[in-house]
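The values are calculated or read from the model by the stated rules, or taken from the named source; none is laboratory data. On a predicted model such as this, the values are computed, not experimentally measured, just so you know. We place every Cβ from the backbone using ideal geometry, glycine too, and count neighbours over all the protein chains shown. Just the protein is used for accessible areas: all its heavy atoms, side chains included, with ligands, DNA and RNA removed. Shrake-Rupley method; radii C 1.70, N 1.55, O 1.52, S 1.80 Å.
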Amino acid sequence: MVVTDSGIGRKVMATMVRLQTVIIIVLSVVVLALAVILFFVYERPVAPTASPSAKTSAPLPPIAARPPAPPSPELDRYLNAPKDAVAIRAGQQAQRDKMERLKNLQTRFKEISAGGKTPDIEELDKLLSELVEIQGTSVIAGVDLNVLRQNLRVAQEVQALAKEMEAESKKPNPNSNRILEITKEIQVMQGKLRTDIMVGGGTTPIPPPSPAAPAQKDRKGP
């Protein structure tokens, strides 16, 4: 079946505008969340706290006499050094490495969002993935990064379907059945957008599925 009503083309274009708005909003929410999170974890890092074992460890007992052995200054220094100091040095180095990775992440984020431009979906997802890896958790500053990543995947699917719909509508004899199928697929994908971005019950507004149903009712065929 092919489309014979020129009004279908106008409805497809209207749907495209609505979908583009949804995609922009999803990306804007992710960009804003990333800006806040990177400020939280890099500009205002929380000072690492000593582990419970470090706080409660008792002083080391004196080293017992050992049988005569060849002198080993390095071994003696290690055996006599407080174990807490070793752990503290390791923790400080790990913190420096972490801050260096966060600095690199922030630089890349500024590059892809400079001038108010909309970052690529895959680039944003990669930044979120690395941030989860660095922090060792998907919940940072009260924001669930896994929810943001899921919404990005939905936006990517919607974007691909929207392009397919636009290409089909521009054909000399567009297939109305396929356009209807794409419309339904888009509605299903939009229904997967999550608003529970903030942990603890908070929500961020995301538009509901695009009301493309009228286009289905008005569709005409031969």
Does the range 150-162 contain any residue that is touching a Ser or Thr at 6+ places or on another chain (Cβ under 7 Å) and modelled with pLDDT of 90 or more?
no
Tell me yes or no: at least one residue of the range 189-212 is in a helix (DSSP H, G or I), surrounded by fewer than 17 Cβ atoms within 10 Å (Cβ to Cβ) and either at pLDDT below 85 or out of contact with any helix residue (DSSP H, G or I) (no Cβ under 9 Å at 6 or more places or on another chain) (or both). no
- request: Taking Leu19 as the residue in question, decide whether it is at pLDDT 90 or above, closer than 25 Å to Leu152 by Cβ and in a helix (DSSP H, G or I).
  value: no
Residue count, the range 142-154, condition open to solvent by less than 50 Å² (accessible area, probe 1.4 Å), assigned to a helix (DSSP H, G or I) and more than 13 Å from Leu32 (Cα to Cα), comes to 4
Result of the Cβ filter at 6 Å on the range 162-174, keeping first residues that are in a helix (DSSP H, G or I) and partners that are open to solvent by less than 50 Å² (accessible area, probe 1.4 Å) and of a type in the set (Gly, Ala, Ser), at least 6 apart or interchain, is Ser169/Gly9
Of the residues in the range 98-141 that are among the β-branched types (Val, Ile, Thr) and in contact with a helix residue (DSSP H, G or I) (Cβ under 9 Å, 6 or more places away or on another chain), the one that is most open to solvent (accessible area, probe 1.4 Å) is Thr118
Log entry, pairs with first residue in the range 113-139 being over 15 Å from Ala155 (Cα atoms), second being open to solvent by 70 Å² or more (accessible area, probe 1.4 Å) and among the hydrophobic types (A, V, I, L, M, F, W, C), beta carbons closer than 9 Å, six or more apart or on different chains, reads Val139/Val199
